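Below: the structure, in structure tokens.
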Amino acid sequence: MNAVEIFNLTVLFQTRDGPVKAVDGLTLNVPVGHVVGFLGPNGAGKTTTIHVLLGFMRPTSGAAKVLGSDVREAAARRRIGYLAEHPDTYRFLTGRELLTATGRLFDLKGPDLSRRVDSLLERVGLSAAADRRISTYSRGMMQRVCLAQTLVNDPEIVILDEPTSGLDPIGRMDIRSLMSDLRRQGKTVFFSSHELSEVEMVCDRLAIMAKGRLVAEGPVEELVPRGERLEEYFMRMVMPK
Amino acid sequence: MKKIARILTLAKIVLRGQIRRKDIYVVFMLLGAVVVLIASSDILGLSSVVTYVLETGLLAAWIFGWILGIYSAARELPQEETRGTIFSLLAKPVTRGEIVVGKWLGCWCSVAAAVALFYALVVALVLERGGFISPFVLFQAFALHAGALAVMTSLAVALSTRMNQDAAATLAYIVTGASFLLVPRIPEFVFREAGLRSNLFLFLYHALPHFEVLDMRTRVTFGFGPAPLWAFAASLAYAAILTIFFLAVATWLYERKRFSRSELAVL
């Protein structure tokens, strides 16, 4: 079964110089239980694809499904966790208030919700700062509370858009370890990144985009030839010949 | 029930934000200081001062609610976009309609609560001066005022679905300000003018909200007693219908909005 199914997806943006294809006929399947790195240079169409996948915008043509459902239906989003690129949140709330409110949006309540919030705060190392306003958090703490928010509903698939961008090495390591944990739990992780070394460490599958088109897709060990580093392979795939 | 719980959760987030931001206190203290200053003057004799305190106090309460209601309601949705938090919110199992209603409800509740405090301040000043206000008349005045705030905030939310915060707030101030100042006088203009102008005034008369039916300041200030119950209920129903209409428009517009990291239009 596939966690993500994208079929012949095309997204055209209108610019002053005419229409630009942000995504061009993308077809991609992400199997359940895998950690998939979604790679590509800036402007490759990664975030646009993720935004279509989550129903933030409608594609010009084609279709995208997550766990077999159209995510434009609110109920289908119950099984998804999403962390945006450069995440920000309601800074006037405390970490605990944010996670509790998020849980309520997923119809969680009572002692179950409290336990879930406590365990998530502990998991992301924010138990001591749980009752402090988020406006007092560092960049790394903010990223971690947003990540905890992503996991409140115990999602089956986690979609992360550049989860390590702007983080220090410790923050990056935390995110990597969390992704490994999710894989051990049998969850699907679909994440976009520029950090090839990280992708190499945590992913078992890759999808590489360039100029809106999918240029490579499959298990890491099948795609990247022996003796070649992922970085070299990536450059070979995305650089014009 | 779950739908209502989600709307209440969103409203609670807005309420917490309003309470923890400073702007609400600044406006309250500034207008409150003006009212207290007026109340402390005793140049017109005691009875005149009570009337004067009521008149200026209730006017200040309306200005306070108007400024704060539109400002805060026009801010909520655009701020979600500028902060980027809208993407995280849209990825949760909430509909865009629930987001619109939750945001509006939070703004309306916070502004209505702040206006209630302002009423309490005015009543305290009147009582301190030896004056009296019928609690039932005061309740009617506040309930209708809250109805007017519901209309103003829902209009601002509707405008903010397609405009940035400044544009939505400015347009909402213009529409509501014009409604306050112009609408009660339009019948005069209709009779005075002829042809196209008269029709234009008639169109404005029917298109703009009639805040005068929700304004009981004169009745409270000059002790005219409570409004007839049928008129009170009809005025509240009028405010409810307008609010629902603006929220329905806001939901319709927001559901069709394409959210993209870039400001480019999707073809």
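None of the figures in this text is laboratory data; all of them are computed from the coordinates on show. Not measured: the values here are computed from a predicted model. Don't worry about glycine lacking a Cβ; one is built from the backbone with ideal geometry, like all the others, and counts go over all protein chains shown.
Here are a few things to note about the model shown:
- Point-charge dipole on Cβ atoms (K/R +1, D/E -1) for segment B:2-266, about Cα centre, debye to 20: 1080 debye
- Likely footprinting exposure, B:Trp66, B:Trp108, B:Trp230, fewest C-beta neighbours within 10 Å first: B:Trp230, B:Trp66, B:Trp108
- Computed over segment B:2-266, relative contact order equals 26 percent, with contacts defined as Cα pairs under 8 Å that lie 6+ residues apart.
- Relative contact order, percent, segment A:66-205 [alpha-carbon distance under 8 Å, six or more residues apart]: 30 percent
- Computed over segment A:1-138: relative contact order in percent, which uses C-alpha pairs under 8 Å that are six or more apart: 21 percent
- Cβ-Cβ distance of B:Leu229 and A:Ser177, R₀ of 56 Å, FRET efficiency by 1/(1 + (r/R0)^6): the value works out to about 0.25.
- A:Lys65-B:Ile19 FRET efficiency (beta carbon distance; Förster radius 56 Å; 0.05 resolution): 0.85
- Top of A:Lys46, A:Lys21, A:Lys65 by mean-square fluctuation, Gaussian network on chain A, Cα under 10 Å: A:Lys21
- Net charge dipole, segment B:1-135: roughly 880 debye, given to the nearest 20, about the Cα centre with Cβ charges of +1 for Lys and Arg and -1 for Asp and Glu.
- Max mean-square fluctuation residue, GNM over chain B, Cα-Cα springs under 10 Å, options B:Phe232, B:Phe201, B:Phe142: B:Phe201
- Exposed loop sites, defined as GluC sites (Glu not before Pro) outside DSSP H, G, I, E and B with at most 15 other Cβ atoms within 10 Å, are absent from the longest region of chain B, namely B:1-192.
- Look at A:Thr102, B:Thr9 and count the other Cβ atoms within 10 Å of each Cβ; fewest to most, that gives B:Thr9, A:Thr102.
- Under a Gaussian network description of chain A, with springs only between Cα atoms under 10 Å, the residue in A:Leu167, A:Leu206, A:Leu98 that fluctuates furthest is A:Leu167.
- Between B:Leu8 and A:Arg226, the C-beta separation translates, for a Förster distance of 56 Å, into a calculated FRET efficiency of about 0.45.
- The C-alpha atoms of chain B define a longest principal axis, and helix B:46-83 lies at about 0 degrees to it.
- Crossing angle, helix B:195-207 versus chain B [Cα axis fit, 0-90 degrees, rounded to tens]: 80 degrees
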